[in-house]
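The values are calculated or read from the model by the stated rules, or taken from the named source; none is laboratory data. Please read these numbers as outputs of a predicted model, since none were measured by experiment. Backbone-built Cβ (ideal geometry, glycine too); neighbour counts: all protein chains shown. Remember, those area values only see protein heavy atoms, side chains included, never the ligands or the DNA or RNA. Shrake-Rupley method; radii C 1.70, N 1.55, O 1.52, S 1.80 Å.
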Amino acid sequence: MNLPIILLLLLLGIFLIVKGGDLFVEAASWIATVSGIPKLIIGATIVSLATTMPEMLVSMMAALQGKVDMSIGNAVGSVTANIGLIMAISLFFMPGPISRMDYLPKAVLMMSAAFIVVIGGLKGQVSVALSAVLLIIFIIFIFENINSAKHTMTAQSVAKGPGRIRPAKKEITVNVAKFFFGAVGIVAGADLLVDNGSELARIMGVSERIIGVTIVAVGTSLPELVTTITAVAKKQASLSVGNILGANILDLSLIMPMCALVSGKSLPISQASSMVDLPACFLVGAIAIIPAMISSKFSRWQGILLLAVYIGYVFITCFCMGI
């Protein structure tokens, strides 16, 4: 297969993931709403999980095919791209004060998951024990989201209950179709991304890890990028940052353990990932979170520094092949 066709199929895979993810999230939200689940809890659980589906399926498919470097590279690379590129844009255009207590639980969970993954890198693998700890962080994240959503509801809304919506037959058909075609789009797109990403790596003579942490990671992070651009346009900084933190926690605490599960063994981590990818992931997280938790505000300089670190990371990844 020649390079233009591979690139075309790669772009098609990214398109299917983005469009399929959009349809899947819309349908999942609608299904949850008509079932009577409060919208706040829908956003805290179902939508959060649905928006992580592209990264999860890409990494799991890569793990099933034995492409471990791409599997880990996508999960960790997505977190690095989410913070170093996407969150950097948000902080540059929308710096400002924050409520420390609103962000602290997610910040602690994200940094804890990143730290555990770094430990895995030092040991050369994400073991069963580390996977179990990451899954505990995932469970804590879901419960924290649900509790946070419940606390924001007024006593009146709780007393009345969310109620159930009686949807029209046409509406049911449309949303079931969205759910089905969205899921198919994500699966097909993930398959195209993994297969053609591997082929591109072979043709270019680079490792699957490099393709995983760059093209594949950024491609599966496009839904977060779209959300951030929308939030910037609407001056909704908390929406953007909150979405990114939640996506990162899921990328680290759910995707990597699931990849270990489907592969049936501990996930080996290459020396390149342990020396470059995992420290970069932890570093951008620290730059984004620690100053904000101390000063109770996000600053423009954080966005500039995050972008500079991310560009440096991509440069090292792409041009220092021997690492």
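Just wondering, is there one or more residues in segment 243-264 that are part of a loop (DSSP other than H, G, I, E, B), modelled with pLDDT under 80 and open to solvent by less than 40 Å² (accessible area, probe 1.4 Å)?
No, segment 243-264 contains no residue that is part of a loop (DSSP other than H, G, I, E, B), modelled with pLDDT under 80 and open to solvent by less than 40 Å² (accessible area, probe 1.4 Å).
Does segment 108-126 contain any residue that is open to solvent by less than 30 Å² (accessible area, probe 1.4 Å), at pLDDT below 85 and not in a helix (DSSP H, G or I)?
Yes, segment 108-126 contains a residue that is open to solvent by less than 30 Å² (accessible area, probe 1.4 Å), at pLDDT below 85 and not in a helix (DSSP H, G or I).
Just to be sure, is VAL58 of a type outside the set (Phe, Trp, Tyr), at pLDDT 80 or above, open to solvent by less than 30 Å² (accessible area, probe 1.4 Å) and closer than 30 Å to SER295 by Cα?
When the stated conditions are applied, VAL58 does not pass them.
What number goes with the only condition from (1) touching a residue at least 24 places away in the same chain (Cβ under 8 Å); (2) outside any helix (DSSP H, G or I); (3) not hydrophobic (A, V, I, L, M, F, W, C) that ASP277 does not pass?
Against the list (1) touching a residue at least 24 places away in the same chain (Cβ under 8 Å); (2) outside any helix (DSSP H, G or I); (3) not hydrophobic (A, V, I, L, M, F, W, C), ASP277 comes up short only on (2).
Look through segment 184-225, keep the residues that are open to solvent by 10 Å² or more (accessible area, probe 1.4 Å) and within 17 Å of the chain's Cα centre (by Cα), and return whichever of them is farthest from GLY13 (Cα to Cα).
LEU225
For ILE165, state whether it is at pLDDT 80 or above and either in contact with a Ser or Thr (Cβ under 6 Å, 6 or more places away or on another chain) or aliphatic (A, V, I, L, M) (or both).
Here the answer is no, as ILE165 does not meet what is asked.
Of the residues ILE290, ILE269, which single one is under 24 Å from MET53 (Cα atoms), open to solvent by 10 Å² or more (accessible area, probe 1.4 Å), at pLDDT 85 or above and over 18 Å from the mean Cα position of the chain (by Cα)?
The unique qualifying residue is ILE269.
Could you list, in sequence order, all residues of segment 12-39 that are of a type in the set (Gly, Ala, Ser), open to solvent by 30 Å² or more (accessible area, probe 1.4 Å) and at pLDDT 80 or above?
Matches in segment 12-39: none.
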